[in-house]
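Here the structure comes first, spelled out in structure tokens, and everything after it is commentary.
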Amino acid sequence: MIPPAFEYLRPNTIPQAIAFLLQYGDDAKILSGGQSLIPMMKFRLARPSHLIDINRISGLDYIKEEGGYLKIGGLTREAELEHSALVREKYPILFDTTHVIADPQIRNMATLAGNLAHGDPANDHPATMMALGAEIVATGPQGERVIHVDNFFVTLFTTDLQHGEIVTEIRIPTPPPKSGGAYLKLERKVGDFATAAVAAQVTVDGQGVCQKAGIALTNVGATPIKVVKAEEFLRGKKLDEANIAQAAQLASEAAQPSSDLRGPEEYKRGLVKELTKRALVRAFERAGK
Ligand SMILES: Cc1cc2nc3c(=O)[nH]c(=O)nc-3n(C[C@H](O)[C@H](O)[C@H](O)COP(=O)(O)OP(=O)(O)OC[C@H]3O[C@@H](n4cnc5c(N)ncnc54)[C@H](O)[C@@H]3O)c2cc1C
């Protein structure tokens, strides 16, 4: 399939990219990994007049801990996250997530920033970012704006990003000691989008009592869903079988799945319940129960 014609622009700096976005208006789009945008253009689901390729902008490709955050640059690829020792050791939920996205060829190109900016509820990173309480740094004509992930996803394929803004960094608060997380996804075959998936991140005290929980769901609604009721339920409670089962029940009630080729609504609710249970158990183990 051949995409419709477009003008190709290749800025070398962020201000140049922002200027192009403002100059060419709503019909201009940022191109990063191209792994969502180009397929959509080929299917004629997107017809941008101008593509602004940000891949030549330097200084946006990094993974580092700084100032109480894990900071990930706007051009950091999935493959870099997947192979980062820091991510594997200290942010296993992020490793779980990146590792189940598409296939290695796609992960070599696709970026975390693009995964979030695309606003697709089937994408895997949004739920993980919600479980981790991440912040998204958007750079635009007025400078930097920090958007908490809870306010980022507005509806299907729509985020809080304003025209002229580029995601330049994602910040994940460094979890305190005795924290752990896990991302569990059921897919029809390797490389597929999730039938449903669950991200869970917990912090416990020395007695195994939950101090903080982050739980969010993939592909069971128009946006990723943060399961606030389950998070609040777990706070101050032991992560035992009964409490985990109750949190899983709350997660399945929060899901808003629709029946489609990946399965009927009831099946997806049951799946969310089971995946939440398993993700919490694994997160608790990783927290060092
Ligand atoms: C076969 C296939 C299977 C896939 N499977 C999965 C999967 O299982 N799970 C999953 O999560 N994803 C999956 N993906 C999607 C893939 O991870 C995408 O690459 C990702 O969602 C978008 O990242 P990108 O860097 O490629 O963005 P692009 O495709 O370049 O851009 C996507 C959108 O985000 C905007 N954008 C990109 N970067 C920025 C930025 N820095 N600032 C502002 N706006 C920006 C673009 O303008 C565009 O609207 C799959 C893709 C394919 C082709």
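The values are calculated or read from the model by the stated rules, or taken from the named source; none is laboratory data. Owing to the predicted nature of the structure, the values given are computational and were not obtained by experimental measurement. Cβ atoms come from the backbone with ideal geometry, glycine included; neighbour counts cover every protein chain shown. Please note that ligands, DNA and RNA were not included when accessible areas were found on the heavy atoms of the full protein model with its side chains. Shrake-Rupley method; radii C 1.70, N 1.55, O 1.52, S 1.80 Å.
Among the residues of the range 44-58, is there at least one that is touching a strand residue (DSSP E or B) at 6+ places or on another chain (Cβ under 6 Å) and either more than 13 Å from the ligand (Cβ to nearest atom) or of a type in the set (Lys, Arg) (or both)?
Within the range 44-58, none of the residues are touching a strand residue (DSSP E or B) at 6+ places or on another chain (Cβ under 6 Å) and either more than 13 Å from the ligand (Cβ to nearest atom) or of a type in the set (Lys, Arg) (or both).
Keeping to the range 190-202, report how many residues are of a type in the set (A, V, I, L, M), within 13 Å of the ligand (Cβ to nearest atom) and crowded, with 21+ Cβ neighbours inside 10 Å.
4
So which residues in the range 5-23 are open to solvent by 60 Å² or more (accessible area, probe 1.4 Å) and either part of a helix (DSSP H, G or I) or closer than 27 Å to Val87 by Cα (or both)?
Correct list: Pro15, Gln16, Leu22, Gln23.
Report, ordered by the first and then the second residue, all pairs with beta carbons closer than 6 Å, sequence separation of six or more or different chains, a first member in the range 236-262 that is closer than 19 Å to Val202 by Cα, and a second member that is small (Gly, Ala, Ser) and assigned to a helix (DSSP H, G or I).
Close Cβ pairs satisfying both conditions: Ala247/Ala230; Leu250/Ala230; Ala251/Ala230.
Kindly indicate whether any position in the range 222-238 is part of a strand (DSSP E or B), open to solvent by 70 Å² or more (accessible area, probe 1.4 Å) and either touching a helix residue (DSSP H, G or I) at 6+ places or on another chain (Cβ under 8 Å) or not hydrophobic (A, V, I, L, M, F, W, C) (or both).
Start the filter on the range 222-238 by keeping residues that are part of a strand (DSSP E or B), which leaves 225-226, 238.
The next check asks that each one be open to solvent by 70 Å² or more (accessible area, probe 1.4 Å); those that pass are 238.
Within this subset, residues satisfying the condition of being either touching a helix residue (DSSP H, G or I) at 6+ places or on another chain (Cβ under 8 Å) or not hydrophobic (A, V, I, L, M, F, W, C) (or both) are 238.
Checked the range 222-238: at least one residue is part of a strand (DSSP E or B), open to solvent by 70 Å² or more (accessible area, probe 1.4 Å) and either touching a helix residue (DSSP H, G or I) at 6+ places or on another chain (Cβ under 8 Å) or not hydrophobic (A, V, I, L, M, F, W, C) (or both).
Using the structure shown, decide if Gly214 is over 21 Å from Asn123 (Cβ atoms) and open to solvent by less than 70 Å² (accessible area, probe 1.4 Å).
No.
Within the range 75-134, track down each residue that is more than 7 Å from the ligand (Cβ to nearest atom), crowded, with 24+ Cβ neighbours inside 10 Å and of a type in the set (Gly, Ala, Ser).
Once the filter is applied, which keeps residues that are more than 7 Å from the ligand (Cβ to nearest atom), crowded, with 24+ Cβ neighbours inside 10 Å and of a type in the set (Gly, Ala, Ser), the range 75-134 yields Ala127, Ala131, Ala134.
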